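Report on one structure; see the data block that follows.
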Amino acid sequence: MNDKRVILKKFFDEIQSEKLINGTVLIAKDGEILYKGAFGRADFYSKRKLKINSIFNLASVSKPITALGIMLLVQANKLSLDDPIEKWLPDIPYKEITVRQLLNHTSGLPDYLELFACYWNNSKIAVNQDLFELLVKYKPERLFEPNERMEYSNTGYVMLALIIEEVSGLSFAEYMKVNIFLPVGMQNTEVFCQRLTEQAMDNYAYGYVFDVYTGKHVLPDEFPETDFVVYLDGIVGDGAIHSTVEDLYLLDRALRNGTLINETLLKEAYSPVFPRLESPFKYGFGWILENEKKKGRAVWHSGGWPGYATYFKRYIDNDLVIIFLRNKEQDFDFEQSIIQSIENMLFDEPYEIPKAPKFQKAKILHHEILNRYVGEYRLEEHTELIVKVTMKDQRLFIELPGSMKLEMYASSDNEFFLRSLSVTINFVNDGVNYYLTINDGSDSQTAKRI
């Protein structure tokens with residue numbers, strides 16, 4: 001393991017010298033920490049530096065922890081995995097969904113971002129009960145019948161947080177603190193809604209996004225595409241748990257040692273959806289699942305929220321842990337390459353020092369140019385799939401099938417990019433029709449305006 005320590009130190013020394021990352025990392029094997037470090041700033045304005053105990057918004061890495069909250073109730077016989085959720089949430093307009101289906105994303109519940117975008121007063125900060133009331137009032141259609149397929153659902157994990165409150169009689173924050181954080185020794189972990197409570201937190205790592213117009217990193221509250229973080233600040237369960245790399249490592253130890261959840265339940269949590277539905281990835285109870293011949297079984301989750309990217313991977317058969325928390329927006333491919341390099345080092349495979357990410361600035365186009373591209377486009381290879389291009393407040397948006405609405409930024413009069421993603425959208429007019437081509441670097445799809 002000494003060789004691994006040397007290799008990891010050299011890798012991160014080089015990354016640090018180039019100032020390639022802004023975050024904290026912890027890597028451990030067989031109960032021993034091989035490497036931990038903190039790079040960059042926790043607060044760009046005061047220039048306060050990150051420390052190993054800096055506290056980050058975990059974003060969707062909250063999901064496996066929320067799932068543990070449910071599993072503790074199951075373990076205490078206060079809840080069954082196959083309870084219909086209307087047992088605990090009687091007014092929910094979607095019947096015959098089980099707790100299990102919320103955990104493994106087979107519920108078919110519609111995602112809540114679009115619901116808030118359509119019906120919410122953005123001057124108010126929403127909490128979980130507000131989402132529940134929007135579902136009851138507007139009854140957006142299910143995406144599919146329960147257990148018909150798997151589709152990642154933030155809404156499902158907000159419902160799990162409401163069920164925890166209903167069953168336990170405690171707030172989600174208090175329940176998680178009393179039943180998980182304190183027993184495990186996670187002293188720097190809590191469910192935290194900074195804007196809702198207007199509270200300060202010691203060692204807090206503020207998250208920053210890249211402003212494509214000024215070329216600077218700013219708080220997401222200050223950038224139009226990401227200012228939804230303000231009015232969605234009170235939504236918990238799918239995210240909003242804040243923690244440190246060291247506390248997450250304590251959680252890993254508690255799960256491995258069986259001091260939190262019994263072996264039978266953990267085995268179920270680490271098993272893929274049954275029946276084995278077609279899905280983009282295998283998912284258990286809050287964990288994405290892998291099983292490779294050389295690396296063995298692994299459970300992991302990543303998270304993304306404006307300004308934050310998080311990663312928590314636990315190799316079950318090798319007792320290996322990688323935890324990476326970032327609070328400065330980077331290129332997605334760059335972050336993936338860092339994680340891949342770490343994994344390759346640990347399994348004696350070739351690795352590279354990732355290249356510094358490039359941030360692209362945007363041009364400001366006249367609204368008449370933007371308006372040329374508004375409309376619905378039918379993907380040529382999938383005649384039933386429609387891409388929508390809309391304009392609001394002189395900002396152009398694209399909505400892909402099954403995806404949330406994303407803002408497009410101009411690199412020229414007819415070419416646009418998606419911020420922090422390696423995706424470009426090109427518009428062409430052949431004299432009769434408008435076409436758009438979406439290119440993600442490895443594949444491209446063309447759609448014709450209807």
* Asked: Just going by the charge dipole of the chain, with Lys and Arg at +1 and Asp and Glu at -1 on Cβ, which of GLY303, ILE7, LEU418 is farthest out on the positive end?
  -> ILE7
* To do: Might you work out the accessible area of HIS366 for me, using a 1.4 Å probe with all protein chains in place, and round it to the nearest 10 Å²?
  => 100
* Asked: In terms of Cα to Cα distance under 26 Å, which lysines are near enough to LYS177, apart from those fewer than 8 places away along the same chain?
  -> LYS36, LYS51, LYS63, LYS78, LYS87, LYS267, LYS313
* **Accessible area, probe 1.4 Å, largest first, for residues SER46, SER123, SER341** => SER123, SER46, SER341
* Provide the per residue accessible area, probe 1.4 Å, for the chain, rounded to a whole number of square angstrom. => 46
* **Loop-located GluC sites (Glu not before Pro) in the range 57-114 whose Cβ has at most 15 other Cβ within 10 Å (DSSP)** => GLU96
* **Dipole-positive endmost among GLN336, ASN122, LEU102 within the chain (Cβ charges, Cα centre)** => GLN336
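Pairs of alpha-carbon atoms within less than 8 angstrom and 6+ residues apart define the contacts here; what relative contact order does the chain have, in percent? Each step should come with its number before you reach the end.
Values: 869 pairs, mean separation 76.2, N = 450.
Across the chain, relative contact order equals 17 percent.
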* Largest first, what is the accessible-area ranking of GLU399, GLU32, GLU166 with a 1.4 Å probe? -> GLU166, GLU32, GLU399
* Of the trypsin sites (Lys or Arg not before Pro) in the range 50-135, which ones lie in a loop per DSSP and count no more than 13 other C-beta atoms within 10 Å? -> LYS51, LYS78, LYS95, LYS124
* To do: Whole Å is fine, so just give me how far the alpha carbon centre of the range 323-346 lies from that of the range 189-219.
  => 20
* To do: With a ≥ b ≥ c taken as the square roots of the eigenvalues of the C-alpha gyration tensor of the range 167-216, please select rounded if a/c is under 1.5 and otherwise prolate if a/b is larger than b/c or oblate if it is not?
  => prolate
* Expected 222 nm ellipticity per residue - DSSP helices of 4 or more, -39500 (n - 2.57), all of the chain, to 500 -> -8000 deg cm²/dmol
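Calculate what fraction, in whole %, of the accessible area of the chain sits on carbon and sulfur atoms when a 1.4 Å probe is rolled over the protein chains.
47
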* **Which of LYS29, LYS294 is most accessible, then next, and so on - probe 1.4 Å** => LYS294, LYS29
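FRET efficiency for THR437 and ASN122, Cβ-Cβ distance as r, R0 = 30 Å, nearest 0.05?
Computed FRET efficiency for THR437 and ASN122: 0.35.
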* Asked: Magnitude of the Cβ-charge dipole of the range 355-450, K/R +1 and D/E -1, about the Cα centre, nearest 20 debye?
  -> 420
* Structure fact -> For the chain, the dipole about the Cα centre with charges only on Cβ (Lys and Arg +1, Asp and Glu -1), to the nearest 20 debye, works out at 900
* **Those aspartates and glutamates that a straight Cα-Cα span of less than 19 Å connects to LYS9, excepting residues fewer than 8 apart in one chain** => GLU18, ASP30, GLU32, GLU246, GLU335, GLU343, ASP348, GLU349, GLU352
* To do: Calculate the length of the line joining the C-alpha centroid of the range 403-450 to that of the range 68-86, in whole Å.
  => 45
* For GLU190, which sequence-distant residues (separation of 5 or more, or a different chain) have an amide H within less than 5 Å of its own amide H, given hydrogens modelled in the peptide plane? -> HIS242
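Just want to confirm a number: the relative contact order over the range 255-391, from Cα pairs under 8 angstrom separated by 6+ residues, in percent.
Working: 158 pairs, mean separation 13.8, N = 137.
Once divided by the residue count of the range 255-391, the mean separation gives 10 percent.
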* Signed unit charges on C-beta, dipole axis of the range 321-430, positive-most listed residue ILE364, PHE347, ASN429 -> ILE364
* Structure fact -> Rounded to the nearest 10 Å², the accessible area of GLU329 using a 1.4 Å probe with every protein chain kept is 20
* Structure fact -> In terms of the alpha carbon gyration tensor, root eigenvalues a ≥ b ≥ c, rounded if a/c is under 1.5 and otherwise prolate when a/b exceeds b/c or oblate, the range 374-419 is prolate
* Asked: In terms of Cα to Cα distance under 14 Å, which aspartates and glutamates are near enough to LYS95, apart from those fewer than 8 places away along the same chain?
  -> ASP82, ASP83, GLU86, GLU141, GLU145
* To the nearest 0.05, how large is the calculated FRET efficiency for HIS367 and ASN203 if R₀ is 60 Å and r is the Cβ-Cβ distance? -> 0.85
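If you place +1 on the Cβ of every Lys and Arg, -1 on the Cβ of every Asp and Glu, and leave all else neutral, what size is the dipole of the range 262-397 about its Cα centre, to the nearest 20 Debye?
Computed about the Cα centre, the dipole is about 400 debye.
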* Normalising by the residue count of the range 1-85, find the relative contact order in percent from Cα pairs under 8 Å and 6+ residues apart. => 17
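The values are calculated or read from the model by the stated rules, or taken from the named source; none is laboratory data. What you see is a predicted model; the values in this text were computed from it and never measured. Glycine gets a Cβ as well: all are built from the backbone with ideal geometry, and neighbour counts include every protein chain shown. Side chains are part of the model used for accessible areas, which takes the heavy atoms of the whole protein and leaves out ligands, DNA and RNA. Shrake-Rupley method; radii C 1.70, N 1.55, O 1.52, S 1.80 Å.
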